[in-house]
Amino acid sequence: MSLKVYLNGNFVDKERALISVFDHGLLYGDGVFEGIRAYKGRVFKLREHLSRLLDSARAIMLKIPLTARKLEEAVLETLRVNQLKDAYIRLVVTRGSGDLGLDPAKCSHPQVFIIADRIKLYPQEFYTNGLELITVSTRRNIPEAVNPRIKSLNYLNNILAKIEASLNGFPEAIMLNKDGYVAECTGDNIFIYKHGTLITPPAWVGALRGITREAVIDIATKKLKIPAVEGVFTRYHLYTANECFLTGTAAEVVPVVRIDGRVIADGKPGKITCRLIQEFRALTSREGVKIYSES
Ligand code: PXG
């Protein structure tokens, strides 16, 4: 069965799910998106993702032609049509077709599409051995330009950082903001654990307010009784951390064991990190919006 893509209210075969070359999403990266996951017949934090999508759209003055309720139903229906229970969902809204100028007012209709497909999981060794990362020279966009809180279709800042990491043989890049403070990775948030406290950069430093990040803060403070705070820190704090890990929809919680050649603590995934991996996985299998009413 060919994958069916939701495109402006219709389900079309993957091969026929097409967007115009005049779409400003393509011509200028003018649009917003979300990456969402379904686990065991439930969509994890669906409402939180939709709320962030609506905020991103509002921030760029893009009017989404569907309410949160309708978007939710469209996501669930896309999963049902493709008979998926465990999936990766990409929800995209572009500015729509316009002319060859920048002006979004000349674009006709925003385009809404949803792709749901089987998820490609990260290799197990990432979780058992931990990641080795580098900080890169590409700085995170300043919030006064394109605010990193907006999950827009223009990911070139992150892509340039990813290229730097890949060229050096590393799977992810840690990005600093213009002042040298740690911001986030190219598609993940970052945490350190030091002196009994979890610390993650605040959004204003130049980070996306990750849904996984929020869930991890919640688990740490409420379930594990570990304080978790937003804090501004530098590379020095990465190198001297007791533990370090990344969070993201695709990655979930993944340990970091070496940064810029420095071994973090004893070079093994940390105890707290491992507990958070476990607790986060438990949360994903019990929480979420049901796709099929009988499940
Ligand atoms: N920072 C950035 C810049 C992101 O793009 C995150 C942090 C983590 O946020 P969430 O809400 O997912 O916890 C993201 C999200 C991919 C992929 O295929 C990337 C993301 C989400 C889904 C898939 O690399 N990035």
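The values are calculated or read from the model by the stated rules, or taken from the named source; none is laboratory data. None of these values were measured; they are calculated from a predicted model. Please note: Cβ atoms are built from the backbone with ideal geometry, for glycine as well, and neighbour counts cover all protein chains shown. Protein only, heavy atoms only, side chains kept; ligands, DNA and RNA dropped before computing areas. Shrake-Rupley method; radii C 1.70, N 1.55, O 1.52, S 1.80 Å.
Tabulated data for the structure shown
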{"quantity": "Cα gyration tensor, the range 2-82 - rounded (a/c under 1.5), prolate or oblate", "calculated": "oblate"}
{"quantity": "Local electrostatic count at Cys107 - Lys and Arg +1, Asp and Glu -1, tallied over other residues with Cβ under 12 Å", "calculated": "-1"}
{"quantity": "Value of D in µm² per second that Stokes-Einstein yields for the range 1-47, Kirkwood Rh from Cα pairs, at 4 °C (1.567 mPa s)", "calculated": "99 µm²/s"}
{"quantity": "Neighbourhood charge, 12 Å Cβ-Cβ cut-off, centred on Leu84 and excluding it, Lys, Arg +1 and Asp, Glu -1", "calculated": "+4"}
{"quantity": "With Cα atoms, 0 to 90° folded angle of helix 46-59 axis to the chain main axis", "calculated": "80 degrees"}
{"quantity": "Rg in Å to one decimal, and Dmax rounded to a whole Å, for the range 141-255 via C-alpha atoms", "calculated": "13.7, 40"}
{"quantity": "Residue-wise HN-Hα coupling along the range 165-179, computed from phi with Karplus coefficients 6.51, -1.76, 1.60 (Hz; x: Gly, Pro)", "calculated": "5, 4, 4, 8, x, 10, x, 8, 10, 8, 9, 9, 8, 4, 8"}
{"quantity": "For Ser56, net neighbour charge (Lys/Arg +1, Asp/Glu -1) across residues whose Cβ lies under 11 Å away", "calculated": "+3"}
{"quantity": "Helix-only CD estimate at 222 nm, as mean residue ellipticity for the chain, using -39500 (n - 2.57) per DSSP H run (n ≥ 4)", "calculated": "-8000 deg cm²/dmol"}
{"quantity": "Solvent accessible area, Å² - His237, 1.4 Å probe, full protein context", "calculated": "70 Å²"}
{"quantity": "Accessible carbon and sulfur surface of the range 142-295 relative to its total accessible area, %, 1.4 Å", "calculated": "55 percent"}
{"quantity": "FRET efficiency, 1/(1 + (r/R0)^6) with R0 45 Å, evaluated for Ser2 and Asp179 via beta carbons", "calculated": "0.35"}
{"quantity": "Folded to 0 to 90 degrees: helix 68-81 orientation relative to the chain principal axis, Cα", "calculated": "90 degrees"}
{"quantity": "Centre separation in Å (Cα based) which lies between the range 184-237 and the range 68-144", "calculated": "22 Å"}
{"quantity": "Rounded, prolate or oblate (a/c below 1.5 giving rounded, otherwise prolate when a/b exceeds b/c) for the range 97-191 by Cα gyration tensor", "calculated": "oblate"}
{"quantity": "Kirkwood Rh, Cα atoms: Rg over Rh of the range 60-117", "calculated": "1.08"}
{"quantity": "Kirkwood hydrodynamic radius of the chain, Cα pairs, Å", "calculated": "20.0 Å"}
{"quantity": "Calculated from backbone phi, Karplus (6.51, -1.76, 1.60) coupling profile of the range 251-267 in Hz, x at Gly/Pro", "calculated": "7, 6, 10, 10, x, 10, 10, 8, 10, 6, x, 8, 7, 7, 6, 8, x"}
{"quantity": "Label-to-label distance, nm, for residues given as Ser293 and Thr240 (7 Å Cα→Cβ offset)", "calculated": "5.9 nm"}
{"quantity": "Approximate spin-label separation Arg90-Glu214, in nm, with each point projected 7 Å along Cα-to-Cβ", "calculated": "2.4 nm"}
{"quantity": "Share, in percent, of DSSP beta bridges within the range 121-222 that are antiparallel, nearest 5", "calculated": "75 percent"}
{"quantity": "Cα centre as origin, Lys/Arg/Asp/Glu Cβ charges: the chain dipole, Debye", "calculated": "660 debye"}
{"quantity": "Paramagnetic reach from Arg118 (point 7 Å along Cα→Cβ, amide N under 16 Å) across the range 60-82", "calculated": "82"}
{"quantity": "Aspartates and glutamates whose Cα lies under 12 Å from that of Lys4, excluding same-chain neighbours fewer than 8 positions away", "calculated": "Asp13, Glu15, Glu77, Asp117"}
{"quantity": "Distance between modelled label sites at Val232 and Asp55, nm, 7 Å Cα→Cβ extension", "calculated": "2.1 nm"}
